[in-house]
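Written out below as structure tokens is the structure these notes cover.
The values are calculated or read from the model by the stated rules, or taken from the named source; none is laboratory data. Treat the numbers as computed from the prediction; the structure is a model and nothing was measured. Because the Cβ atoms are built from the backbone with ideal geometry, glycine has one as well, and the counts that use them run over all protein chains shown. Heads up: the accessible areas ignore ligands, DNA and RNA and are worked out on the full protein's heavy atoms, side chains in. Shrake-Rupley method; radii C 1.70, N 1.55, O 1.52, S 1.80 Å.
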Amino acid sequence: WEQAVMAFTQATSLAPDFSIAWYNLGQAEKQLGNMEVAKSHFDQAIALQQGLVKAYFDRALLNKQIGNKEEAIEDYNRIIELDGAYYLEAFLNRGLTKKMLGDYTGALADFDQVSNEFPSNAALYVNRGNLQLGFGFSQKAIQDYTRAIHLDRQYAEAYYNRGLSHLLLF
């Protein structure tokens, strides 16, 4: 990673407007544990190329990791606005981040929306089921886990969580 940092640093010094080089420099710094430095490189990549969705997404993940959850939500919002690659992942991660912030209603709204848009995604139903369970809506959680199992018969977490939901009901 150190050699990658050196190479990307050289690339950005020779071509300061090379957004992908800034993005990859951020990735390399993140791997080295230099989170604030990585964030500044993602910031630079985004400033140079507003539509660089991958940079928004990775900056959001980094922000969430270092505790800047509100900033992560802003990045997820931007990805959703751009409505391209990472759209589904942005909704899913925004919902999970809202849940981490204690905004269960907002998280559930995100999972409801993407479940309607992507009805064949089992992971969405498991995540929504987890929120339902957190709200104490065991029956609704069971319905979501059952839907996930219907979509993916090998989804162990869906079976497990459905079992927990049944235990909580009875």
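Tell me which residues, restricted to segment 6-59, are of a type in the set (Val, Ile, Thr) and modelled with pLDDT of 95 or more. If the condition is that a residue be of a type in the set (Val, Ile, Thr) and modelled with pLDDT of 95 or more, then 9, 12, 20, 37, 46 are the ones that fit. Exactly one residue among 126, 114 is buried (at least 16 other Cβ atoms within 10 Å of the Cβ), β-branched (Val, Ile, Thr) and closer than 30 Å to residue 45 by Cβ, and that residue is 114.
If you filter segment 129-144 down to residues that are over 21 Å from residue 91 (Cα atoms) and touching a helix residue (DSSP H, G or I) at 6+ places or on another chain (Cβ under 6 Å), you find that the one that is surrounded by the most Cβ atoms within 10 Å (Cβ to Cβ) is 142. In segment 117-170, of all residues being over 22 Å from the mean Cα position of the chain (by Cα) and of a type in the set (Ser, Thr, Tyr), the one that is modelled with the lowest pLDDT corresponds to 138. So which of 45, 55, 72 is farther than 23 Å from residue 114 by Cβ and hydrophobic (A, V, I, L, M, F, W, C)? Result of the check over 45, 55, 72: 45. Against the test of being in a loop (DSSP other than H, G, I, E, B), of a type outside the set (A, V, I, L, M) and within 18 Å of the chain's Cα centre (by Cα), the options 106, 95, 33, 102 yield a single qualifying residue, 102. Here residue 73 does not fit the description of being β-branched (Val, Ile, Thr) and open to solvent by 40 Å² or more (accessible area, probe 1.4 Å). The residues on offer are 78, 147, and the sole one that is of a type outside the set (Phe, Trp, Tyr), within 29 Å of residue 23 (Cα to Cα) and in contact with a helix residue (DSSP H, G or I) (Cβ under 6 Å, 6 or more places away or on another chain) is 78.
For segment 36-53, the set of residues classified as over 14 Å from residue 12 (Cα atoms), open to solvent by 40 Å² or more (accessible area, probe 1.4 Å) and either within 18 Å of the chain's Cα centre (by Cα) or of a type in the set (Asp, Glu) (or both) consists of 36, 51, listed by residue number.
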